[in-house]
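Have a look at the structure below, then the notes.
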Amino acid sequence: PPDIPGANSMAHANQLQSIATANGGNRAHGTSGYRASADFIQSTLSRAGFTVTRQQFTYNGALGWNVIAEWPVGNPNDVVFLGAHLDGVRAGAGINDNGSGSSAVLETALAVARDNAQPTKRLRFGWWGAEENGLIGSAYYTRNLPSSERAKIDAYLNFDMVGQRDTTRWGIYVDSPTLGATFKQYFDSKGIATRSIDISGRSDHASFARYGIPVSGISSGSDPCYHSRCDTIANIGERVMGHSTNAAAYAAWRLAGIP
Ligand code: PHE
Ligand code: ZN
Ligand code: ZN
Ligand code: ZN
């Protein structure tokens, strides 16, 4: 797996902060800040050579979007999926929740493209809309996938709140012990303590688990700015973002079989 500088993901998070600042301070579903966030992810991936799908849905009378990108190498019948919700609450910029996960997944996708990675399995990346309204975007995605397509997803890995500066123990979702063990290997190799967490229906992995897809994920935990105005770029740290990004990349490389 690559060794990705935390500064790379911080640069993406800075972009999301600028987008919030330029759009009334937030990136919530139904706002111009969300639309601009989706534009940013889509254009960054397009420039890197991904074919990007923007999936539109309506919730509460407002348009929302999921952004999906697939790396077109490897067996299309075996998909390893990494995802993060791109929306935030209206109270603030939503940078730990969840500019952090969105940035870590974006940087992992860009690393795959930079390395011209040749995985055995397919890597797919997703940024979900309207998670804060009740997992709306991810539920829309899985519900509208033909069951034959759902059956091709070997693993879904979720990244929600992965940037808190003061983390001492990383949380690994208990859902799939096998997938969780892959994350633990990364943190063990860095001498970082982990614990098992169960956030059951509180993030987008639930939209995949519902269909029997093996899921896991990581989180550096909640913080005093959770769902608040102070969840800004000052709320996340470069060192932590380096760990979330490299944990995501480690799992992508191992699980998709990149040599
Ligand atoms: N960030 C989630 C939400 O508000 C909840 C969550 C809690 C996720 C703890 C991960 C860990 O949308
Ligand atoms: Zn398979
Ligand atoms: Zn939230
Ligand atoms: Zn969240």
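The values are calculated or read from the model by the stated rules, or taken from the named source; none is laboratory data. These numbers were taken from a predicted model, which means no experiment stands behind them. Positions of Cβ are backbone-derived with ideal geometry, glycine not excepted, and every protein chain shown enters the neighbour counts. For the accessible areas, the whole protein counts, side chains as well, though only heavy atoms, and no ligand, DNA or RNA atoms are used. Shrake-Rupley method; radii C 1.70, N 1.55, O 1.52, S 1.80 Å.
See the values below:
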| item | result |
| --- | --- |
| Test result for S148, more than 13 Å from ligand 3 (Cβ to nearest atom) and open to solvent by less than 20 Å² (accessible area, probe 1.4 Å) | no |
| Residue among N96, N66 that alone is assigned to a helix (DSSP H, G or I), touching a residue at least 40 places away in the same chain (Cβ under 8 Å) and either touching a Cys at 6+ places or on another chain (Cβ under 9 Å) or within 16 Å of ligand 1 (Cβ to nearest atom) (or both) | N96 |
| Test for A13: is it open to solvent by 30 Å² or more (accessible area, probe 1.4 Å) and of a type outside the set (S, T, N, Q) | no |
| Within the stretch 205-223, considering residues that are small (G, A, S) and modelled with pLDDT of 95 or more, the one nearest to ligand 3 (Cβ to nearest atom) | S219 |
| Answer residue from the stretch 33-58, given it is open to solvent by less than 70 Å² (accessible area, probe 1.4 Å) and of a type in the set (S, T, Y) and is farthest from A117 (Cα to Cα) among those | Y34 |
| In the stretch 24-49, the residues that are on the phi < 0 side of the Ramachandran plot and touching a helix residue (DSSP H, G or I) at 6+ places or on another chain (Cβ under 7 Å) | N26, R27, A28, G33, A36, S37, F40, I41, T44, L45, A48 |
| Cβ pairs under 6 Å, 6+ apart, first in the stretch 72-83 and closer than 17 Å to W128 by Cβ and in contact (Cβ under 8 Å) with a residue 24 or more places away in the chain, second within 10 Å of ligand 2 (Cβ to nearest atom) and assigned to a loop (DSSP other than H, G, I, E, B) | V79/K152 |
